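Visitor: Just dropping this structure here.
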Amino acid sequence: MAAGQVFFTGAHASNVFCYPYPHQANPMTNESKKTHCHRFTGNSLWAIPMSLVTHNRRFQRPLAAASVEETAKTEIKEGKSRIRLDVVSPEITEAQKEAIEQLPQNMSKRCKALMRQLICFSPEKGSLCELLADWGRIMKPCRADWLAVLKELRVKDHPIYLQVAEIALLEESFEANIRDYTKIIHGYGKQNRVEDAVKTLSNMKTRGFICDQVTLTAMIDMYSKAGNLKLAEETFEELRLLGQPLDKRSYGSMIMAYIRAGKPDQGESLLTEMDVREVYAGSEVYKALLRAYSMVGDTEGAQRVFNAVQLAGISPDAKLCGLLINAYGVSGESQKARVAFENMRTAGLKPTDKCIALVLAAYEKENKLQKALKFLIALERDGIMVGKEAAETLAGWFRKLGVVEEVDMVLREFAATEANSSIPAS
């Protein structure tokens, strides 16, 4: 082996492998440790470490070194580990102390040692890459250990969770697979960090992993939430080219992308395609599509989706019925809003105060006060009391009409109803 070269073996090799490489102190900076990047050229697994310290304006190679494994053994034997995994700074905060005390009892000692360091970690105190590299060399973790640490960071919603997960991908003992990359992409998507997610996807492809339906669906979901419909559509087409039957999550992600982009009709087209293929979306997708039509008063679209919900075997609840009532109210069709309300009652659903308020709002839009009052009298006759939201809707309407006394009467009656309902039965 040529001097200054280190041979790396592992299931996957990256273009750049970050590893803290020990060398002699730089007389210019008096620094004893620097990070080196091992670059791989072509298909070769031979890595040439390049020092990031310059002499005379040129990058210099460090002196010949032993292999990583030999270096690790020497450090363990001589106690030259850069970071003491068994030592925690006495300057830790109360929150950090509490987090350490709450670590799972069944967590292994090697994992607890790392978790203590990660909980107290700050960039000013050292390199996260060095910390994880030291843990890997000294503790010899297996995949289960890495997963235990990552799970605990995720549960604690620790800010360095994704950073640790990215570094773990490069560790041979982690035995990275495509799902590990997908989880990171999904995590970046939640934080709307599109560029980081795209970089992770690129690294995944570079390391020989082929995108599958789960990964591409995560990308569509991320582009959808970021408001980038074009990239969502391109990714969805890439998903189709896989030649595999699409599941409800893949379809659902693209439908939500169209809804967020203000194109519910295109989302509905995908919903129709799903019906043909006998793939049924979740209730949340139907509800989102119905809401999109409802808010703009598209009664035909709202009614189509409402019918599709029932054809999919999903029993409409009061919220779905409320969205249909709202669609008719927004479009100025108070009579149809009332019919939708009565159909809900006929189906055995108890009308909520929200639904009552929506019917009143529909009557207000057409200024049909007499019909609104008859509606309220019919409800009272059936033992259905008006709640806070419906009372406020009616009171607001009366204020616009300048009928102050009626407003006071409505509010007093509502207050009395609330007081009577709070008295326990004897």
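The values are calculated or read from the model by the stated rules, or taken from the named source; none is laboratory data. Quick caveat, the model's predicted, so the values are computed rather than measured. Heads up, the Cβs are rebuilt from the backbone with ideal geometry, glycines too, and the neighbour counts pull from every protein chain shown. These area figures cover heavy atoms from the full protein model, side chains too; ligands, DNA and RNA do not enter into them. Shrake-Rupley method; radii C 1.70, N 1.55, O 1.52, S 1.80 Å.
Visitor: All other residues with a Cβ under 12 Å from the Cβ of residue 282 taken together, and with Lys, Arg as +1 and Asp, Glu as -1, what is their net charge?
Guide: Around residue 282, the charge tally is +1.
Visitor: Spelling out what I want: for every residue of the range 358-368, take phi, set θ = phi - 60°, compute 6.51 cos²θ - 1.76 cosθ + 1.60 (Karplus), and round to whole Hz; glycine and proline get x.
Guide: Each residue's phi maps through the Karplus curve to give 5, 5, 4, 5, 5, 5, 4, 4, 9, 6, 9 Hz.
Visitor: Hey, can you find the accessible area per residue of the range 92-176 for me, probe 1.4 Å, expressed in square angstrom?
Guide: Here the residues of the range 92-176 average 50 Å² of exposed surface.
Visitor: OK, next. Specify the inter-centroid distance of the range 158-228 and the range 268-297, based on alpha-carbon positions, in whole Å.
Guide: Centre-to-centre (Cα) distance: 28 Å.
Visitor: Given Cα positions, please report Rg to Rh for the range 92-176, the hydrodynamic radius being the Kirkwood one.
Guide: 0.93
Visitor: Of the heavy-atom accessible surface of the range 301-409 (probe 1.4 angstrom), what whole percent is carbon and sulfur?
Guide: 54 percent
Visitor: Which value, in debye to the nearest 20, describes the size of the charge dipole of the range 92-176 about its Cα centre when Lys and Arg Cβ atoms bear +1, Asp and Glu Cβ atoms bear -1, and nothing else is charged?
Guide: For the range 92-176, the charge dipole is close to 280 debye.
Visitor: Let me ask something additional. I want the local charge near residue 107. Using Cβ-Cβ distances under 12 Å, sum +1 for each Lys or Arg and -1 for each Asp or Glu among the other residues.
Guide: +3
Visitor: Check which residues have an amide H placed less than 5 Å from residue 314's amide H, if you skip close sequence neighbours.
Guide: Amide H neighbours of residue 314, under 5 Å, 5+ apart: none.
Visitor: Measuring from label point to label point, each 7 Å out along Cα→Cβ, what is the residue 191 to residue 103 span in nm?
Guide: 2.3 nm
Visitor: OK, next. Quick check: pseudo-label points 7 Å beyond the Cα along Cα→Cβ at residue 92 and residue 143, how many nm apart are they?
Guide: The modelled label-to-label distance comes out at 3.0 nm.
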